[in-house]
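A.B. asks: Below is one structure. I have some questions about it.
The values are calculated or read from the model by the stated rules, or taken from the named source; none is laboratory data. Model, not experiment: these values are computed from the prediction. So basically every Cβ, Gly included, is an ideal-geometry build from the backbone, and we count neighbours across all protein chains shown.
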Amino acid sequence: MITRRRNFLGMGAAMIVPSVGFGLQANGQTMPGVRVRFAFADSEMTATLNDSPSARDFLTMLPLNLTIEDYSHNEKIVRLPRKLSEEGSGPFDNERPGDLCYFKPWGNLALFYGDYKWDGLIRLGRFDDGFDPLLIRGNFPIRIEKV
């Protein structure tokens, strides 16, 4: 009886929680949903976000005017004004260039244009139409906003 009640209550709660319109398939791929624009160095890129607590928390910060910086040989970083929620985070696979991630230890965005593998990351989404602007070397003012 208790098991049935818990299952029933869980199903009821799932039915009344509103959808936020992100769309994340069970296999971890993003679907058309909430998009974010990154504008710097006379270039623009957009990314589609995953449906995760970290991505939703990131959205609450927007719009942002910050600095994008070169880091290592495979990524640029953006230092956020505060750390994001890590709720529901865990390891992921299928890392590849074009991923937009959050680096938990430092609290910054990591925008990958090269191969990578690191344990302290949360994938927030993927860049939609490539990531060529990330190949422009240097540090630049960046505007990040919801599309």
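A.B. asks: Can you list residue pairs whose Cβ atoms sit under 6 Å apart, with the first residue in the stretch 61-80 being β-branched (Val, Ile, Thr) and the second being not in a strand (DSSP E or B)? Count only pairs 6 or more apart in sequence or on different chains.
C.D. replies: Going by the 6 Å Cβ cut-off, the qualifying pairs are Thr67/Asn139.
Residue-wise test of (1) closer than 19 Å to Phe140 by Cβ; (2) of a type outside the set (A, V, I, L, M, F, W, C); (3) at pLDDT below 95.
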residue: Leu9; (1), (2), (3): no, no, yes
residue: Ile16; (1), (2), (3): no, no, yes
residue: Ser43; (1), (2), (3): yes, yes, no
residue: Leu59; (1), (2), (3): no, no, no
residue: Glu69; (1), (2), (3): yes, yes, no
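A.B. asks: Could you tell me how many of the residues in the stretch 94-144 are among the charged types (D, E, K, R) and surrounded by 13 or more Cβ atoms within 10 Å (Cβ to Cβ)?
C.D. replies: 7
A.B. asks: Could you please find all residues in the stretch 66-87 being of a type in the set (A, V, I, L, M), out of contact with any Phe, Trp or Tyr (no Cβ under 7 Å at 6 or more places or on another chain) and not in a loop (DSSP other than H, G, I, E, B)?
C.D. replies: Scanning the stretch 66-87 gives Leu66, Val78.
A.B. asks: Check the stretch 101-115 and report whether any residue there is free of Cβ contacts under 8 Å to residues at least 24 places away in the same chain and on the phi > 0 side of the Ramachandran plot.
C.D. replies: no
A.B. asks: I need the full set of residues from the stretch 49-61 which are outside any strand (DSSP E or B) and surrounded by 14 or more Cβ atoms within 10 Å (Cβ to Cβ), in order please.
C.D. replies: Asn50, Asp51, Ser52, Pro53, Ser54, Ala55, Arg56, Asp57, Phe58, Leu59
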